[in-house]
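A.B. asks: I'd like to ask you about the structure that follows.
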There are 2 protein chains.
Amino acid sequence: MNADPAARAHADPLASWRPGATRSAILGFLDAASERPVDERVAVFDNDGTLWCERPRYAQLEFLLGELRRAADADPSLGARAEYRALLAGDTEAQADLGLPAIAAALVELCAGIDPHEFDRRVAAFVESARHPDTGRPLRDLRYLPMLELLAELRHRQFSVFLVTGGGVEFVRAISGGFYGVAPEAVVGSTVGYDVGRDAAGRPVLRRTRELFGPVVEGEAKVAQIQFQLGRRPILAAGNSPGDTDMLDYAMAAEGPSLALLVDHDDADREYRYVGRAGSFDSEGSLPDIGRARGWTVASMRDDWGEVFATASAPSPWHRSVG
Amino acid sequence: MNADPAARAHADPLASWRPGATRSAILGFLDAASERPVDERVAVFDNDGTLWCERPRYAQLEFLLGELRRAADADPSLGARAEYRALLAGDTEAQADLGLPAIAAALVELCAGIDPHEFDRRVAAFVESARHPDTGRPLRDLRYLPMLELLAELRHRQFSVFLVTGGGVEFVRAISGGFYGVAPEAVVGSTVGYDVGRDAAGRPVLRRTRELFGPVVEGEAKVAQIQFQLGRRPILAAGNSPGDTDMLDYAMAAEGPSLALLVDHDDADREYRYVGRAGSFDSEGSLPDIGRARGWTVASMRDDWGEVFATASAPSPWHRSVG
């Protein structure tokens, strides 16, 4: 037994992955990728449902609900807006009628005028105190241990690791360092607009606008945004939902060894059981079936993961790994 | 004399900067910044005229002119468009009448439909063969040695170093690794749109569109784009033109030690002599005068730089310094 934790981790880099075809496919890819130049070792990960639990609600939505409640306490007239009323009442039927785009737009507007650094502080305070509604776990214990092991092993093999989220990039950047060892600039996601104003002393200040800048980063927009923001081509993409399929196809289309990894939420005992359907490909069946047919590697939470959740583990500080 | 080049460099990290107030101000900032948490050590650099020579023409414009000539050879009808005709004829008066935005838009359109990786290859081929029109130097020898030393010292002090260019981000990313040791994702700049299509095998492919996605990254857009893409706040900003003033003000407005560094092109013998005027602040005088009044540090090329151009020096590979 080697006493050095780093060496031990490297001796068994994917310890929480059960032996089997999925683990072997990942290790086979990692070995093949070691032949590639370091600058081509690029991996992109979806966040919600891929690196941590997204059920029963996105953590970001919980955060915004808290912001909404606080704002409505201070200004009850906010409750007159249909989207806010449905959210405050927990009226899921009304929310479904209004649709997620309208709800999301209303929540973006809610934070208009806030300085991005103030927004960061609010997210940090939320993440510190929030608990998972069903299990009472702190949010950092909702991270998937097998995926953290994969992130660590990719870094060990000199991969550049990026997050590509459909969620608001500001929220994910506020947790990406502490949760995943990923620097803010390595997070791609849906982005709010900013106005540049001046304070009383004439110094530039940033304020969130009422609207998104650019698209919601799902589907093909994930592929385009990877190019816009990173300018690099992934050879590994991991996701769990229909919004990730284009990114997974894009990674698979790279020359040389590549890996598309789909997390299949098939574990009702340890997490949740739900099957993503692939948007326009509904007729083709469930997302895992579609993925297998396309050569993706499907990680069954139930069968492939010996442990699901990380508890005490923490990633290396991201500032050790960025230039 | 220490035989280890890295240790030698560190013993005299800014060897090409002549002793004086400018060098002292930079070293004073570097020492003060060492007290800050590593994740707050963020530096942003303009590229053209700040890290390398931008006269008599931007290298990117030379590249696009070459592309235009090649395209016009294959399809002479292109010459019917006023912008292309003025460029092909070298008619600077007609170019000035048309204006830089129209010229730039026409050149963006010229490259529509190209895959970004093909665009990278064309830039790389250009950079390999192009020579400076006045001196015949290869392009990498147009980099400013004192600024390369500053980049190296910042990295030694665990700064994250980013480029923020008004030019096309794709062009700068193609050179940023080899010229400056900066990874593609650490370059912010004006960005063309991309369409995501599918090839015959159904795999996603990216194609440049005919238009920019987002603003030309000058002035306040530099500040907003830093937040959009990097999500971090600089405490050092370096630039040389009116388009950099907001970014320099933004760095200066950070809490704690900060540095705004303006390169003053006042050296007609070794480079060029030209004075930037500060856009809406024309009445206040020249950019160096304005900057000094605002607490910026002005680097006089003539007085502060013992050497101007880098020749044999190369940066560390960027893939050693990114996570």
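The values are calculated or read from the model by the stated rules, or taken from the named source; none is laboratory data. Nothing here was measured: the structure is a model prediction, and the numbers come from that model. Positions of Cβ are backbone-derived with ideal geometry, glycine not excepted, and every protein chain shown enters the neighbour counts. For the accessible areas, the whole protein counts, side chains as well, though only heavy atoms, and no ligand, DNA or RNA atoms are used. Shrake-Rupley method; radii C 1.70, N 1.55, O 1.52, S 1.80 Å.
A.B. asks: Just to be sure I understand, how many residues within the stretch B:244-263 are more than 10 Å from chain A (Cβ to nearest Cβ) and crowded, with 24+ Cβ neighbours inside 10 Å?
C.D. replies: Of the residues in that region, 6 qualify.
A.B. asks: Same structure, new question: Which one of these is closer than 30 Å to A:R198 by Cα, of a type in the set (D, E) and open to solvent by 10 Å² or more (accessible area, probe 1.4 Å): B:E170, B:E220, B:E128, B:E149?
C.D. replies: Details: B:E170 fails: closer than 30 Å to A:R198 by Cα; B:E128 fails: closer than 30 Å to A:R198 by Cα; B:E149 fails: closer than 30 Å to A:R198 by Cα.
Only one candidate qualifies: B:E220.
A.B. asks: Follow-up question, since we're still on this one. Got a number for residues in the stretch A:17-28 being open to solvent by less than 40 Å² (accessible area, probe 1.4 Å) and within 22 Å of the chain's Cα centre (by Cα)?
C.D. replies: Matching residues across the stretch A:17-28 total 3.
A.B. asks: Quick check on A:R41: is it open to solvent by 40 Å² or more (accessible area, probe 1.4 Å), in contact with a helix residue (DSSP H, G or I) (Cβ under 7 Å, 6 or more places away or on another chain) and not small (G, A, S)? Walk me through it before giving the result.
C.D. replies: Values: open to solvent by 40 Å² or more (accessible area, probe 1.4 Å): no; in contact with a helix residue (DSSP H, G or I) (Cβ under 7 Å, 6 or more places away or on another chain): yes; not small (G, A, S): yes.
It is false that A:R41 is open to solvent by 40 Å² or more (accessible area, probe 1.4 Å), in contact with a helix residue (DSSP H, G or I) (Cβ under 7 Å, 6 or more places away or on another chain) and not small (G, A, S).
A.B. asks: Given the residues A:R270, A:R233, which is the only one that is basic (K, R), farther than 23 Å from A:R173 by Cβ and not in a strand (DSSP E or B)? Break it down into steps so the answer makes sense when it comes.
C.D. replies: On the way: A:R233 fails: farther than 23 Å from A:R173 by Cβ.
Step by step, each of A:R270, A:R233 is checked, and only A:R270 is basic (K, R), farther than 23 Å from A:R173 by Cβ and not in a strand (DSSP E or B).
A.B. asks: Shifting gears a bit: Out of all the residues in the stretch B:82-96, is one or more among the polar types (S, T, N, Q) and at pLDDT below 95?
C.D. replies: The initial filter retains those residues of the stretch B:82-96 that are among the polar types (S, T, N, Q), namely B:92, B:95.
From the residues that got through so far, the ones that are at pLDDT below 95 too are B:92, B:95.
Yes: one or more hits.
A.B. asks: Assess whether A:Y194 counts as being of a type outside the set (G, A, S) and farther than 30 Å from B:R294 by Cβ.
C.D. replies: Numbers: of a type outside the set (G, A, S): yes; farther than 30 Å from B:R294 by Cβ: no.
Taking the combined requirement at face value, the residue does not satisfy it.
A.B. asks: Let me ask something else about it. Just a yes or no: is a residue in the stretch A:84-96 more than 24 Å from A:P133 (Cβ to Cβ) and open to solvent by 50 Å² or more (accessible area, probe 1.4 Å)? It would help to see each step written out before you state the result.
C.D. replies: Of the stretch A:84-96, the ones more than 24 Å from A:P133 (Cβ to Cβ) are none.
For the stretch A:84-96, residues more than 24 Å from A:P133 (Cβ to Cβ) and open to solvent by 50 Å² or more (accessible area, probe 1.4 Å): absent.
A.B. asks: Further question on the same structure: Can you pull out the residues in the stretch A:223-257 that are in contact with a Pro (Cβ under 8 Å, 6 or more places away or on another chain) and of a type in the set (S, T, Y)?
C.D. replies: Matches in the stretch A:223-257: A:Y250 only.
A.B. asks: Within the stretch A:44-52, does at least one residue satisfy the condition of being open to solvent by 40 Å² or more (accessible area, probe 1.4 Å), at pLDDT 95 or above and either assigned to a helix (DSSP H, G or I) or of a type in the set (S, T, Y) (or both)? Please lay out each step first, then the result.
C.D. replies: Residues of the stretch A:44-52 open to solvent by 40 Å² or more (accessible area, probe 1.4 Å): none.
No, every residue in the stretch A:44-52 fails to be open to solvent by 40 Å² or more (accessible area, probe 1.4 Å), at pLDDT 95 or above and either assigned to a helix (DSSP H, G or I) or of a type in the set (S, T, Y) (or both).
A.B. asks: For the stretch A:292-323, give me each residue that is at pLDDT 60 or above and either within 14 Å of another protein chain (Cβ to nearest Cβ) or open to solvent by 60 Å² or more (accessible area, probe 1.4 Å) (or both). If you could, list the steps in order and put the result at the bottom.
C.D. replies: Step one: filter the stretch A:292-323 for residues at pLDDT 60 or above, giving A:292-312.
Listed by number, the residues that qualify are A:R292, A:A293, A:R294, A:G295, A:W296, A:R302, A:D303, A:E307, A:T311, A:A312.
A.B. asks: On to the next question. Hey, can you tell me all the residues within the stretch B:190-245 that are at positive phi and under 22 Å from the mean Cα position of the chain (by Cα)?
C.D. replies: Filtering the stretch B:190-245 for residues at positive phi gives B:202, B:214, B:219, B:231.
Hits for the stretch B:190-245 are B:G214, B:G219, B:G231.
A.B. asks: Being part of a helix (DSSP H, G or I) and open to solvent by 20 Å² or more (accessible area, probe 1.4 Å) is the filter here; which residues of the stretch B:53-66 pass it?
C.D. replies: Result: B:Q60, B:L61, B:E62, B:L64, B:G66.
A.B. asks: Could you tell me whether any residue of the stretch A:275-282 is within 14 Å of chain B (Cβ to nearest Cβ), open to solvent by 50 Å² or more (accessible area, probe 1.4 Å) and at pLDDT below 80?
C.D. replies: For the stretch A:275-282, residues within 14 Å of chain B (Cβ to nearest Cβ), open to solvent by 50 Å² or more (accessible area, probe 1.4 Å) and at pLDDT below 80: present.
A.B. asks: Tally the residues that are over 20 Å from A:A221 (Cα atoms) and crowded, with 21+ Cβ neighbours inside 10 Å, restricting the search to the stretch B:188-204.
C.D. replies: 0
A.B. asks: Mind listing whichever residues of the stretch A:100-114 are within 15 Å of A:G168 (Cα to Cα) and either within 21 Å of the chain's Cα centre (by Cα) or part of a loop (DSSP other than H, G, I, E, B) (or both)?
C.D. replies: A:L100, A:P101, A:I103, A:A104, A:A105, A:L107, A:V108, A:C111, A:A112, A:I114
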